[in-house]
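Quick notes on the structure that follows.
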Amino acid sequence: MREQDNILEMRAIYKLFPGVKALDKVDFSVKRGEVNCLIGANGAGKSTLMKILSGAYVEDKGEIIFDGNELKSHGTLERKKQGISVIYQELSLVNELDVGENVFINNYPRKRTGAIDWKDVYAKTREIAEQLNLKIDVKAKVKSLNIGQRQLTEIMKALASNAKLIVMDEPSSTLSKNEFETLLKVIADLKSRGITIIYISHHLDELFIVGDRITVLRDGKFVVCKPVNELNEDMLVEYMTGAKLSQIHKEEVEVNLLSDQVVLELKGMCNHKVSDINFKLHKGEVLGFYGLVGAGRTEVLRSIFGVDSYTKGDIILNGEKVRFKNTQEAIKHKIGLVPENRKAQGLVLILPVWENMSMVALKRFIKNRLISYRQTEAACLDYKKKLNIKTPSIKTVTKNLSGGNQQKVILAKWLMQDCDILLIDEPTQGIDVMAKEELYKIIRMLSEQGKSVIVVSSELEELLRICDNISVMYDGKQIMTTTKANFNPDKILQISVTGGTHDERK
């Protein structure tokens, strides 16, 4: 491949953080107008490489050639001027502003007087939307948009800044099937206009739909870059992990006999989003909730945990009716919640690992009004070992951990509190195949220890693997519950999309 075919070349990029070699002489190139999928296990160096490209980080060694010029100046605004735009998994939109305001934020068209030309703002936003064949109200507040529309607003924002290369970090992680199909059309349109895309995703199957080539990193090093037609999922797993897929999935899933002891029961529970929710959770059971985004799964967990009130029905905990006014009451009753958005709701990212682990159970370590740091450290090190949390130290700032290890820190927080019931929302969102396997084993281990777990997931395959029972939700209603012995993936998928008929739900 000739160098002039590449819009981007990152040569021998080296980056060292305290105690961690994040990137070790990584070479990464992207052809003009292609979709290059960048993948790797959590901690492989993908995010660090892209932050260096965006100007958020400065490389320790190496050089970056973009559009024929070496990039020497740093800073995200400077890189945007060069034509590099990054759409992160946590979208950077301002909810209280409308679509047009977000698309041109920090880049508003001006009148001769210097005032913002709002007529031009909305006209140009409509023009970009029309170019992408998008139907979107350019004056709608971002907070009123669904996640797919917000993702597309970010893409429009990148185009408004005349981006030549767009990095998409986990763009499909929270999208419905229809929203993903819209994203595919937009990506195809961007390619046809010569815009280059770096696409990051943990969903291996979609890489073969989206990508032209796939680049794999492992442990901060470049492994391979090949056209998609020369690869398959098994090969990608082996490149990412060094282990064959057959070795990873070596254990057989068995049907477990459930205890007769019911630890949690919902009878006809209704809130602002769901109606007539009924189930019994047994000691040691893993109960799954499946459905499309917006079906009401998360809202069930939030009412159980005391985040949202419920308008009707009963919650019965260990045989007694309860009505938690807040999350503190739920925690006192040994219930813990691992939220969908771990970074915003589950962790304090600027705090070290040990503080995130111990913050709920801190009273355990207080004697004579003083915290026993020796006992706290011992407990944190114990859970670091038990859950195989990969971190240089428990004093490492939590934001520097990979997604899978951040998720383990949240689990450690609730286990340290000795919770009997764990509510886990999207346990493996945005984490790699090996970290997923570790989390599955942890959940089954908790079940074997007598803990009861409710898992909400958009990935049916993982619910089929780890759950004893699965409840299917559609449009705020609990449509069907099925046992492991009767799991039927096709039927579950069909009912989650259509709501099913009465006969189909049986």
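The values are calculated or read from the model by the stated rules, or taken from the named source; none is laboratory data. Predicted model, so just to flag it, every value in this text is computed and none were measured. When we count neighbours, we look across all protein chains shown, and the Cβ atoms used for this are built from the backbone with ideal geometry, even at glycine.
Being free of Cβ contacts under 8 Å to residues at least 40 places away in the same chain, among the hydroxyl-bearing types (Ser, Thr, Tyr) and within 22 Å of residue 241 (Cβ to Cβ), is that true of even one residue in the range 473-486?
Within the range 473-486, none of the residues are free of Cβ contacts under 8 Å to residues at least 40 places away in the same chain, among the hydroxyl-bearing types (Ser, Thr, Tyr) and within 22 Å of residue 241 (Cβ to Cβ).
Does residue 154 meet the test of being over 27 Å from residue 11 (Cβ atoms) and surrounded by fewer than 20 Cβ atoms within 10 Å (Cβ to Cβ)?
no
Give me the residue from the range 50-72 that is charged (D, E, K, R) and either farther than 18 Å from residue 199 by Cα or touching a residue at least 40 places away in the same chain (Cβ under 8 Å) (or both) and, out of that set, surrounded by the fewest Cβ atoms within 10 Å (Cβ to Cβ).
That would be 72.
Given the criterion among the basic types (Lys, Arg) and surrounded by fewer than 18 Cβ atoms within 10 Å (Cβ to Cβ), identify the matching residue among 119, 124.
119
If you go through the range 373-403 one residue at a time, how many are of a type in the set (A, V, I, L, M) and part of a loop (DSSP other than H, G, I, E, B)?
Within the range 373-403, residues that are of a type in the set (A, V, I, L, M) and part of a loop (DSSP other than H, G, I, E, B) number 4.
Would you point out which residue out of 475, 490, 432 is buried (at least 19 other Cβ atoms within 10 Å of the Cβ), among the charged types (D, E, K, R) and out of contact with any Leu (no Cβ under 8 Å at 6 or more places or on another chain)?
Within the list 475, 490, 432, the selection yields 432.
What are the residues in the range 431-455 that are touching a strand residue (DSSP E or B) at 6+ places or on another chain (Cβ under 9 Å) and not hydrophobic (A, V, I, L, M, F, W, C), if any?
432, 444, 447, 451, 452
If you take the residues of the range 289-322 that are out of contact with any strand residue (DSSP E or B) (no Cβ under 7 Å at 6 or more places or on another chain) and assigned to a loop (DSSP other than H, G, I, E, B), which of them is nearest to residue 452 (Cα to Cα)?
319
Evaluate the following for residue 156: is it within 30 Å of residue 427 (Cα to Cα) and in contact (Cβ under 8 Å) with a residue 24 or more places away in the chain?
no
I'd like the full set of residues that are surrounded by fewer than 21 Cβ atoms within 10 Å (Cβ to Cβ) and part of a helix (DSSP H, G or I), limited to the range 73-89.
76, 77, 78, 80, 81, 82
For the range 346-404, give me each residue that is modelled with pLDDT of 90 or more, touching an Asp or Glu at 6+ places or on another chain (Cβ under 8 Å) and surrounded by fewer than 19 Cβ atoms within 10 Å (Cβ to Cβ).
348
What do you reckon, is residue 41 buried (at least 19 other Cβ atoms within 10 Å of the Cβ) and over 30 Å from residue 189 (Cβ atoms)?
yes
So which residues in the range 140-192 are at pLDDT below 90, small (Gly, Ala, Ser) and in contact with an Asp or Glu (Cβ under 8 Å, 6 or more places away or on another chain), if there are any at all?
Residues satisfying the conditions are 148, 172.
Hey, can you tell me all the residues within the range 107-154 that are at positive phi and not polar (S, T, N, Q)?
Listed by number, the list holds a single entry, 114.
Does residue 490 qualify as being touching a residue at least 40 places away in the same chain (Cβ under 8 Å) and charged (D, E, K, R)?
no
Exactly one of (1) out of contact with any Lys or Arg (no Cβ under 8 Å at 6 or more places or on another chain); (2) small (Gly, Ala, Ser); (3) surrounded by 15 or more Cβ atoms within 10 Å (Cβ to Cβ); (4) part of a loop (DSSP other than H, G, I, E, B) is unmet by residue 33. Its number?
(1)
Quick check on my filter: what residues within the range 452-506 are under 24 Å from residue 180 (Cβ atoms), modelled with pLDDT under 90 and among the basic types (Lys, Arg)?
491
Please go through the range 101-134 and pick out each residue that is assigned to a loop (DSSP other than H, G, I, E, B) and among the aromatic types (Phe, Trp, Tyr).
Result: 104, 108.
Do any strands (runs of 3 or more DSSP E) lying entirely in the range 408-478 carry at least 3 residues that are closer than 20 Å to residue 318 by Cβ and not aromatic (Phe, Trp, Tyr), and which ones are they?
Per the criteria, 421-425, 452-456.
Which residues, taken from the range 352-380, are farther than 17 Å from residue 417 by Cβ and among the hydrophobic types (A, V, I, L, M, F, W, C)?
Residue satisfying the conditions is 370 alone.
Condition (residue is touching a residue at least 40 places away in the same chain (Cβ under 8 Å), part of a helix (DSSP H, G or I) and among the aliphatic types (A, V, I, L, M)) applied to the range 270-278: is it met by at least one residue?
No, there is no match, as no residue in the range 270-278 is touching a residue at least 40 places away in the same chain (Cβ under 8 Å), part of a helix (DSSP H, G or I) and among the aliphatic types (A, V, I, L, M).
To keep it simple, each residue is scored yes or no on (1) modelled with pLDDT of 85 or more; (2) outside any loop (DSSP other than H, G, I, E, B); (3) in contact with a Ser or Thr (Cβ under 9 Å, 6 or more places away or on another chain); (4) surrounded by 15 or more Cβ atoms within 10 Å (Cβ to Cβ).
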{"site": "226", "(1), (2), (3), (4)": "yes, yes, yes, no"}
{"site": "237", "(1), (2), (3), (4)": "no, yes, no, yes"}
{"site": "246", "(1), (2), (3), (4)": "no, yes, no, no"}
{"site": "250", "(1), (2), (3), (4)": "no, no, no, no"}
{"site": "255", "(1), (2), (3), (4)": "no, no, yes, no"}
{"site": "268", "(1), (2), (3), (4)": "yes, yes, yes, no"}
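Restrict the check to the range 356-372 and report whether at least one residue is in a strand (DSSP E or B), free of Cβ contacts under 8 Å to residues at least 40 places away in the same chain and within 24 Å of residue 399 (Cβ to Cβ).
Yes, the range 356-372 contains a residue that is in a strand (DSSP E or B), free of Cβ contacts under 8 Å to residues at least 40 places away in the same chain and within 24 Å of residue 399 (Cβ to Cβ).
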